[in-house]
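Peer 1: Questions regarding the structure given below will be posed in turn.
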Amino acid sequence: MLENYIPILMFMGVSLVLGVVAIGAGSVLGPNKPNKDKLSPYECGFEAFEHTRMKFDVRYYLVAILFIVFDLEIAFLFPWAVVLDEVGIFGFLAMVVFLLVLVVGFIFEWMKGALEWE
Amino acid sequence: MDTLLSIWMWFPELLRVFVVNLALIVAIVVPLMICVAYFTFAERKVIGYMQVRIGPNRVGPRGWLQPIADAVKLMFKEIIIPTESNPYLFRMAPVLVLGPSLAAWAVVPFTDSWVLANIDASLLYVLALTSLGVYGVIIAGWASNSKYAFLGAMRSAAQIVAYEIAMGFALVGVLMAAGSLNLHDIVTAQSGGIHQWYFIPLFPLFIVYFISGVAETNRAPFDVAEGESEIVAGFHVEYSGMAFAVFFLAEYANMILIAALTVLMFLGGWQAPFDVAPFTWIPAFLWFGIKTSAVAFFFLWFRATFPRYRYDQIMRLGWKVFIPVTLVWIAVIGVFRFFTPFGHWFQ
């Protein structure tokens, strides 16, 4: 069974090599005439106003945290969905209870405004 | 012939496996790259006709050599690496975006027997690889050290991550119906004609999956990450030449991948819609190709039709519409399966 994974590993290798070769070919074949203005960060023709590593909205963090919660939930659902036949009605109802708990959390987030983006 | 065969058998087994697999991989990647190149051409032509113009028609007969001309042009363009950027991460990012979008094809079953790696966890593998692309986006935005790139990367990453959840839930529905993580088994579970395909019993999940796929690839109408009017090209604003081309290829390869996965999971994969004469004449891989092209066409159609969403609208659609819909439908599938006589449809 494990030998089925060899082609996958090779495929990953080939796709990475393809990207490296494309960029390598571009750097070899293309011209290389740098100057100060060309290499400055793009800002619609202006000189850069301030440093790029600036503050950004905390909501991006919030999205990331919520993503982790829900992604874990999906990770729980995957094996359960595969063996749904074996676990039967009992397994289904158990998962419904679990999902209900999460739905309560989801409603809480919603009411708290964590999903707002204005 | 016999001598060739004996020379072949004389090689060590590991080398033979290696050579055969490499040949198969090339046999998948080369047609795929040609499809990607001509998908960009199709996009320009289709959108052209939808806007009552002709689209590219100068290079070759009716413009058919346009993608090749574009590739050659980009090949000979300078790759600018800004002084303030992190040069290693800057070069790595496009590779990290292209890699997963190609590598996912390792487990795609083209027909009943044409699949490179028939592994049991293929759906999990595909889900993992489609999520990997976000690293390339974040790295590109961060390494460029440019405000537009940075903001674009934050936006795309948040959007990709938000729609990832809806996508995952839609996949759970497919798993419940098919009872297997193996893409091949998921397709064979849909055999018997168009009424057995999962897009009927799992219709809401089908819609959610496909629209999430559009959002995941940052395509119109969800392309705020590269909304030209505000942050120019988004996370790849500093990229030029081949480095940009690799991002471009990855975006189109991802679209074709999403189309192919939609076909495999909801539209019966390589199977003919009806098991009667004129439909069964068309070979299986052609059915797969026809369906994939039809689904891929929607990406282009969307772009020509819908105006761009605002960012808060995108987030609202992902969190407040798609996630509740998928959660409810997972419960509905279970109820149908265990408590109603329609269970066979969900199996």
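The values are calculated or read from the model by the stated rules, or taken from the named source; none is laboratory data. Keep in mind that what you see is a predicted model, and the values were worked out from it rather than measured. Because the Cβ atoms are built from the backbone with ideal geometry, glycine has one as well, and the counts that use them run over all protein chains shown. Surface areas here come from the heavy atoms of the whole protein model, side chains and all, with no ligands, DNA or RNA. Shrake-Rupley method; radii C 1.70, N 1.55, O 1.52, S 1.80 Å.
Peer 1: Identify, please: which residue in the range A:19-43 is within 7 Å of chain B (Cβ to nearest Cβ) and under 17 Å from residue B:249 (Cα atoms) and is, among those, surrounded by the fewest Cβ atoms within 10 Å (Cβ to Cβ)?
Peer 2: Per the stated criteria, the residue is A:25.
Peer 1: Conditions: (1) open to solvent by less than 30 Å² (accessible area, probe 1.4 Å); (2) more than 24 Å from residue B:296 (Cβ to Cβ); (3) not in a helix (DSSP H, G or I). Residue B:192 meets all but one. Number of the miss?
Peer 2: So residue B:192 meets the others, but not (1).
Peer 1: Pick from the range A:74-118 the residues that are part of a loop (DSSP other than H, G, I, E, B) and either hydrophobic (A, V, I, L, M, F, W, C) or more than 7 Å from chain B (Cβ to nearest Cβ) (or both): which of them is least open to solvent (accessible area, probe 1.4 Å)?
Peer 2: A:115
Peer 1: List the residue pairs whose Cβ atoms are under 7 Å apart, where the first residue sits in the range A:1-17 and is over 10 Å from residue B:102 (Cβ atoms) and facing another protein chain (nearest Cβ under 7 Å), the second is surrounded by 14 or more Cβ atoms within 10 Å (Cβ to Cβ) and at pLDDT 90 or above, and the two are 6 or more positions apart or on different chains.
Peer 2: Pairs that qualify, where the first residue is over 10 Å from residue B:102 (Cβ atoms) and facing another protein chain (nearest Cβ under 7 Å) and the partner is surrounded by 14 or more Cβ atoms within 10 Å (Cβ to Cβ) and at pLDDT 90 or above: there are none.
Peer 1: Let me ask another. How many of the residues in the range B:90-111 are over 23 Å from the mean Cα position of the chain (by Cα) and either surrounded by fewer than 16 Cβ atoms within 10 Å (Cβ to Cβ) or under 30 Å from residue B:185 (Cβ atoms) (or both)?
Peer 2: Total meeting the criteria: 0.
Peer 1: Quick one: which residue in A:67, A:46 is of a type outside the set (D, E, K, R) and modelled with pLDDT of 75 or more?
Peer 2: Only one candidate passes the filter, namely A:67.
Peer 1: Report yes if residue B:111 is out of contact with any Phe, Trp or Tyr (no Cβ under 7 Å at 6 or more places or on another chain) and among the hydroxyl-bearing types (Ser, Thr, Tyr), otherwise no.
Peer 2: Here the answer is no, as residue B:111 does not meet what is asked.
Peer 1: Next up: Does residue B:294 qualify as being among the small types (Gly, Ala, Ser), in a helix (DSSP H, G or I) and exposed (fewer than 15 other Cβ atoms within 10 Å of the Cβ)?
Peer 2: yes
Peer 1: Specify which of the listed residues (B:27, B:69) is more than 11 Å from chain A (Cβ to nearest Cβ), free of Cβ contacts under 8 Å to residues at least 60 places away in the same chain and open to solvent by 60 Å² or more (accessible area, probe 1.4 Å).
Peer 2: Selected residue: B:27, the only one of B:27, B:69 that is more than 11 Å from chain A (Cβ to nearest Cβ), free of Cβ contacts under 8 Å to residues at least 60 places away in the same chain and open to solvent by 60 Å² or more (accessible area, probe 1.4 Å).
Peer 1: Could you go through the range B:68-81 and let me know if any residue there is under 26 Å from residue B:292 (Cβ atoms), within 28 Å of the chain's Cα centre (by Cα), in a helix (DSSP H, G or I) and β-branched (Val, Ile, Thr).
Peer 2: Scanning the range B:68-81 turns up at least one residue that is under 26 Å from residue B:292 (Cβ atoms), within 28 Å of the chain's Cα centre (by Cα), in a helix (DSSP H, G or I) and β-branched (Val, Ile, Thr).
Peer 1: Would you confirm, using the coordinates I've provided, whether residue B:142 is open to solvent by 10 Å² or more (accessible area, probe 1.4 Å), within 10 Å of chain A (Cβ to nearest Cβ), under 27 Å from residue A:14 (Cα atoms) and among the aromatic types (Phe, Trp, Tyr)?
Peer 2: Yes, satisfied.
Peer 1: Right, next: With the condition kept exactly as written, say whether any residue in the range B:171-179 is more than 14 Å from chain A (Cβ to nearest Cβ) and surrounded by 22 or more Cβ atoms within 10 Å (Cβ to Cβ).
Peer 2: no
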